[in-house]
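Okay, so here's the structure we're looking at.
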Amino acid sequence: MTLKGIAVSPGIVIGKVFLLNIESFIIPKIAIKEEEVANEIERFKQVLKQTNEEIISIQKKLNRELGSKHSDIFNAHLLILDDPVLTEQMTDKIKKRKLTAEYLFQQVMRNYEKAFSEIDDAYFKERISDIQDVGKRIIRNLLGRKKANLANLKEEVIVVSYDLSPSDTALMGKEKVIGFATDIGGKTSHTAIMARALEIPAVVGLEKITVKAKNDDLLIIDGDKGIVIINPRRQVIEKYYKKREEDLKFNRELKKLRTLPAQTKDGYPIEITANIELPEEIDSALKEGAEGIGLYRTEYFFLNRSVLPTEEEQYQAYKFVAQKMNPHPVVIRTVDLGGDKFLSHLNIPSEMNPFMGWRAIRFCLARPDIFKIQLKAILRASRYGKLKIMYPMISSAEEFKQANRVLAEVKKELKEQNIPFDKEVEIGAMIEIPSAALTADILAKEADFFSIGTNDLIQYSLAVDRVNEKIAYLYEPNHPAILRLIKIIIEAAHKEEIWVGMCGEMCSEPVFIPLLLGLGLTKFSVSPLMLSRVKKVIRSLSLKEAKVAAKEILNLETIKEIKHFSRIRFKEAMLNFC
Ligand code: PEP
Ligand code: MG
């Protein structure tokens, strides 16, 4: 069976399915026979008992290790399990509807959640997460599966899941997780970005892969074409093994470019730096020939942990990155939490529109306590290399100045404490909100540099959620609106004589390189995996010709025309990438 989704991380892998987070799947509706009813009711009761025992044993462990304050959290779980109404309702439903307990239980859980969310009382609303937690545990037990832990898998697997959070993905061990496939998601979701960072081939937005694939099925992931094949025939497997060999050969060829300069055919130097999420990625960035780090997404440091990182921990990490990259520059982006990256332990309430909500610089300005600790750590590390600070999600010059005021306070404190730091550290803005793009001329008077964040810029300009596979066809960097905005940003920066680069995924994709060069972009910050591909395109293009072509493209009116024109005009440079 072949499924088509969205290709998010290149490469071909063939391996066994490992279903993850099955409790959030759509559980198929399976009927049971009359004579199986009594057994099914008994099975449900046994699972409640088993779940109860599990929770008591977790509670004991927590009590021993952390004290009763933490273990008391599970009292609410036990109360739900003991609720006689739950058993009565389930018994009744199994008898009447003759369907499996897991299917019916999921419905009962939804009713519980709904009822609790409608009660106008904060205490009950907070209990919803307890219901969800215990509900998932029960479903897991009904399905006879253990909670999967991505960090300590025993064999190589392809993870199949409804969704993966960026923090789930960050936990994946590359040696064991050789690929992944999900029902939902988009190309520029942070899960997809993380897959590329870890160099794990991946396809998302497959809609029903979790229903179609079973544990231990054989799966082929084609991360270039966005295709997943479940239990392929022998000839198909052979075809893909062959294709993988060809890919590996092509990649080996590409790697030879590592030490060569990123220079256009007519001799113009272009800077290619790398985007990283974790300090450990520095090695692969250097190996790929990155001339610096154009985007260090520091928020990953804040995920997958139960307390905030201290100033000292952050300082050590930033110092490590600064020293390792020295004399190359490192652009440290201050935390961009929110959107699809959450900190569970800060108890931030969930929002209707998280990507347009309390995230990034908005969160930092509202929590100067957290923001200042990070700024202090960056400044302290700044004397060990060439660090630059960049604020995410800037929407206006005022907001940029507000962030700078916090930075000034931190600098003052450091001076008073005689703590050395680089006084010349550059401060830049990510241009990823249309309002910032359209006022780039004003912002350019305040900032030392710009970095264009197309991942968000596209989602906000075109009103297309970057993680929603249903509207992924509308997420189009070739839209004339996007090209115009990029042009406005680059021109505004040039006019004020500040440098401008791009760190959004658009500039990691070979198809857009000629156009971006033509629009005047000279600094590309890309995922390390894509670095040599981007370099290859740059080296096979003439900047003068790209500029002429871009001028013509800006006069085109539709995406279709733009794509067609680019394909023809940049045919030679794109030879290996279309
Ligand atoms: C962007 O929005 O283009 C960007 C680089 O930031 P992020 O993907 O982390 O939102
Ligand atoms: Mg962004």
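Structural remarks
- Candidate set: the range 240-291, residues that are touching a Lys or Arg at 6+ places or on another chain (Cβ under 6 Å) and of a type in the set (Gly, Ala, Ser); chosen: the one farthest from Thr2 (Cα to Cα): Ala262
- Residue selected from the range 249-269 under the condition within 20 Å of Leu521 (Cβ to Cβ) and not in a loop (DSSP other than H, G, I, E, B), by the criterion most open to solvent (accessible area, probe 1.4 Å): Pro269
- Candidate set: the range 116-142, residues that are modelled with pLDDT under 80 and small (Gly, Ala, Ser); chosen: the one farthest from Phe44 (Cα to Cα): Ala122
- Residues (in contact with a Gly (Cβ under 8 Å, 6 or more places away or on another chain), more than 16 Å from ligand 2 (Cβ to nearest atom) and within 22 Å of Glu281 (Cβ to Cβ)) located in the range 325-354: Met325, Asn326, Pro327, His328, Pro329, Val330
- Residues in the range 389-437 that are within 16 Å of ligand 2 (Cβ to nearest atom) and loosely packed, with under 15 Cβ neighbours inside 10 Å: Ser435 alone.
- For the range 416-467, the tally of residues that are in a loop (DSSP other than H, G, I, E, B) and either away from ligand 1 (no atom under 15 Å from the Cβ) or out of contact with any Gly (no Cβ under 7 Å at 6 or more places or on another chain) (or both) stands at 20.
- Neighbours by Cβ (under 9 Å, 6+ apart or cross-chain): first from the range 441-461, closer than 9 Å to Met430 by Cβ; second within 13 Å of ligand 2 (Cβ to nearest atom) and polar (S, T, N, Q): Ser451/Ser525; Asp456/Thr188
- Where Arg297 falls short, out of the listed (1) modelled with pLDDT under 90; (2) within 16 Å of ligand 1 (Cβ to nearest atom): (1)
- Only one of Ile394, Ile488 that is in contact with a strand residue (DSSP E or B) (Cβ under 6 Å, 6 or more places away or on another chain) and modelled with pLDDT of 95 or more: Ile394
- Filtered by the rule that a residue be part of a strand (DSSP E or B) and buried (at least 16 other Cβ atoms within 10 Å of the Cβ), the range 206-228 gives Leu219, Ile220, Ile221, Asp222, Ile227, Val228.
- Looking only at the range 441-466, residues that are touching a strand residue (DSSP E or B) at 6+ places or on another chain (Cβ under 9 Å) and open to solvent by 10 Å² or more (accessible area, probe 1.4 Å) come to 2 in all.
- Here Glu476 meets each of (1) surrounded by 16 or more Cβ atoms within 10 Å (Cβ to Cβ); (2) part of a helix (DSSP H, G or I); (3) of a type in the set (D, E, K, R) with one exception, condition (2).
- When the range 267-281 is filtered for residues that are at pLDDT below 95 and either more than 16 Å from ligand 2 (Cβ to nearest atom) or touching an Asp or Glu at 6+ places or on another chain (Cβ under 8 Å) (or both), the ones remaining, listed by number, are Leu278, Pro279, Glu280, Glu281.
- Residue within the range 328-348 that is farther than 24 Å from Gln316 by Cα, of a type in the set (S, T, N, Q) and at pLDDT 95 or above present: no
- Test: Ile489 is open to solvent by less than 10 Å² (accessible area, probe 1.4 Å) and within 16 Å of ligand 2 (Cβ to nearest atom): yes
- Being in contact (Cβ under 8 Å) with a residue 12 or more places away in the chain, away from ligand 1 (no atom under 13 Å from the Cβ) and open to solvent by less than 10 Å² (accessible area, probe 1.4 Å) is a description that applies to Leu515.
The values are calculated or read from the model by the stated rules, or taken from the named source; none is laboratory data. Only a predicted model underlies this, so the values are computations on that prediction, with no experimental measurement involved. Counting neighbours? That spans all protein chains shown, and the Cβs are built from the backbone with ideal geometry, glycine included. Side chains included, ligands, DNA and RNA excluded: accessible areas come from the protein's heavy atoms. Shrake-Rupley method; radii C 1.70, N 1.55, O 1.52, S 1.80 Å.
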